[in-house]
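Notes for the one structure printed next.
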Amino acid sequence: MGTSKIFGILLIVAGALGLIYGGFTYTKDTHSAKLGPITVNVKEKETVVVPLVLSVAALGLGAFLLVSGRKS
């Protein structure tokens with residue numbers, strides 16, 4: 001399997017996940033303080049939205065790479 005086919009499959013999977021979920025969230029530590037035996041941590045949730053156009057473009061490019069990578 002060539003690199004273009006592998007990259008095409010990865011793009012199709014990423015585009016499908018972008019269409020299904022529409023984004024992802026992650027937690028990041030912003031502040032922490034230690035006051036004697038007590039430790040205080042502040043965590044914030046960040047959300048990253050994946051645009052619909054980007055997901056569709058990834059699907060299309062991945063399909064193109066799979067189709068154009070075939071040898072006759």
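Odds and ends about this structure:
- The chain: calculated mean residue ellipticity at 222 nm from DSSP helix runs of at least 4, using -39500 (n - 2.57): -17000 deg cm²/dmol
- The packing ranking of peptides 16-28, 32-44, 56-68, highest mean first, is 56-68, 16-28, 32-44, where packing means the average number of other beta carbon atoms within 10 angstrom of each residue.
- Tilt relative to the chain, helix 3-21 - C-alpha long axis, 0 to 90 degrees, to 10: 50
- Most positive-pole-ward Cα, Gly22, Leu52, Gly62, against dipole of the chain from beta carbon charges: Gly62
- For Val50, the residues whose modelled amide H falls within less than 5 Å of its own, excluding neighbours fewer than 5 places apart on the same chain, are Gly23, Phe24.
- Taking the C-alpha atoms only, the angle from helix 52-68 to the longest principal axis of the chain is near 40 degrees.
- Computed on the stretch 3-68, with alpha-carbon pairs under 8 angstrom and 6+ residues apart, the relative contact order is 49 percent.
- FRET efficiency for Lys43 and Ala14, using Cβ-Cβ distance with R0 set to 22 Å, rounded to 0.05: 0.25
- Only lysine pairs 8 or more places apart or on separate chains count here, and in the stretch 1-63 those with Cα atoms under 27 Å apart total 4.
Each reported figure results from applying straightforward, stated rules to the coordinates on display, with no laboratory input. Computed from a prediction, not measured in an experiment: that's the story for all the values here. Backbone-built Cβ (ideal geometry, glycine too); neighbour counts: all protein chains shown.
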